[in-house]
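Only one structure is covered here, and it is reproduced in the block below.
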Amino acid sequence: SKTYRIAAIPGDGIGPEVLEIGMEVLTAAVNTLSAGRLQFDLFPWGSEYYLQHGRMMPENALEILKAYDAIYLGAIGDPRVPDHLSLEMLLDLRKGFDQYVNLRPVKLLPGVESPVRLKPGETVDFVVVRENTEGEYSRLGGRFKVGTADEVAVQTSIFTRKGTERVMRYAFDLARRRAEERAREGVEVKEGGGTAGGPRPMVTNCTKSNALNYSMVFWDEVYAAVAAEYPDVHRDQALVDALAMWLVRRPAYYDVIVSSNLFGDILTDLAAAIQGGMGIAAGGNINPERTYPSMFEPIHGSAPRYKGQNRANPIAAIWAGSMMLEHLGETAAARLVMKAVEDVLAEGRYRTSDLGGTSSTTEVGEAIKKTIRKKGDALIR
Ligand code: IPM
Ligand code: MN
């Protein structure tokens, strides 16, 4: 079987604790199924490294990482290092490896309570496809007449046709794949929109073309052009402010949402709350062409206050790990991981405090590993 080489960057705060559990859980899954072998190489980069070396990662970090099949990241951020410096590391990796899709699944797992009221029979199961290399995060602009009463700060957003088109296309392809998967699994979808599920497959265009008269007008045009190539996928469009409201009012409606970098950033924190909190939400920074390694991370921060306390929820990191297995082609192992997470959540005995429980990070990890072994044995038999 294949050996996958994975660069693990535990990072700061609770990053190392949750990533450790993630690595153990993923290893348990591939071992149980006798799928590929996972080789994790650890890179102790991040804020501690910065305090010693004056940079978050070595100068040739991308060269080193390029040889790996995937990158598994804990969390970045430390009160001793200014945020805009530490977080640059994350943005450099995303951009350097052309990970132009930030994929954020938003799914209400069994047994998890959403703060949002759902109608009977409704569930939340959508994906945000966030553009991840340009837009509002292009880091172009400048400050002029600094310190004077006439000071001006300019922050430029860049939207290229190539960059916009490819992320749109990814979203439409994903909507198709999700529909095929639902059909395969016999999942019933409500047709016609309205209160429960919207028409599916569907790609919702998150825009703001009423106010952003260049970037978002262009974005809408590209959406329309790409949508025309996918007549089987329903179109849907909402201004980002309205979309924030609708995500709270009827999260069950959505299937795939495509958004610019900043809008996607904001919406996915909101979406994380809808699915039970930052302790659960996961994401992948994907380079679909596989020219470069993709990177998988919990979307929560480093929570420095909880560092070393063994109380952070490892599920976001585990879910991100499952996405990584899926990306590597180890679909059965990826599913086994999520099945085990779902079982443990549904059973309700082992939960961290963010979900109202009293279990530690490691206890939740142990429970999930145990479930994996049990389920895996049953699968194999
Ligand atoms: C995220 C984070 C990052 C972002 C920060 C840390 C730069 O909030 O992954 O969503 O804004 O993309
Ligand atoms: Mn964010």
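Taking the criterion of being part of a helix (DSSP H, G or I), of a type outside the set (A, V, I, L, M) and in contact (Cβ under 8 Å) with a residue 40 or more places away in the chain, the residues of segment 306-333 that qualify are 306, 319, 321, 322, 327. In segment 84-101, the residues that are on the phi > 0 side of the Ramachandran plot form Cβ pairs under 6 Å with partners that are more than 8 Å from ligand 1 (Cβ to nearest atom), at six or more places apart or across chains, as follows: 98/287; 98/292. When each of 235, 249 is tested for being within 30 Å of residue 353 (Cβ to Cβ), among the basic types (Lys, Arg), away from ligand 1 (no atom under 16 Å from the Cβ) and more than 21 Å from the chain's Cα centre (by Cα), the lone residue that passes is 249.
Flag not set for residue 268, criterion: surrounded by fewer than 16 Cβ atoms within 10 Å (Cβ to Cβ), among the β-branched types (Val, Ile, Thr) and touching a residue at least 12 places away in the same chain (Cβ under 8 Å). The residues in segment 264-322 that are away from ligand 1 (no atom under 15 Å from the Cβ) and closer than 21 Å to residue 47 by Cβ can be counted, and the count is 9. For residues in segment 295-316 being more than 10 Å from the chain's Cα centre (by Cα), farther than 15 Å from residue 351 by Cβ and away from ligand 2 (no atom under 12 Å from the Cβ), which is surrounded by the most Cβ atoms within 10 Å (Cβ to Cβ)? Only one residue fits best here, namely 302.
Restricting segment 48-71 to residues that are aliphatic (A, V, I, L, M) and either within 16 Å of ligand 2 (Cβ to nearest atom) or outside any helix (DSSP H, G or I) (or both), the residue that is surrounded by the most Cβ atoms within 10 Å (Cβ to Cβ) is 56. The condition of being over 18 Å from residue 322 (Cβ atoms) and under 24 Å from the mean Cα position of the chain (by Cα) holds for only one of 71, 76, that being 76.
Among the residues of this structure, residue 74 counts as one that is under 21 Å from residue 314 (Cβ atoms), within 16 Å of ligand 2 (Cβ to nearest atom) and not hydroxyl-bearing (Ser, Thr, Tyr). Every condition in (1) at pLDDT below 95; (2) within 16 Å of ligand 2 (Cβ to nearest atom) holds for residue 136 except the one numbered (1). Considering (1) under 30 Å from residue 344 (Cα atoms); (2) over 15 Å from the mean Cα position of the chain (by Cα); (3) within 11 Å of ligand 1 (Cβ to nearest atom); (4) among the polar types (S, T, N, Q), the lone condition that residue 86 does not fulfil carries the number (1).
The values are calculated or read from the model by the stated rules, or taken from the named source; none is laboratory data. The model shown is predicted, which means the values in this text are computed figures rather than measured ones. Using ideal geometry, Cβ is built from the backbone for each residue, glycine included, and neighbour counts are taken over all protein chains shown.
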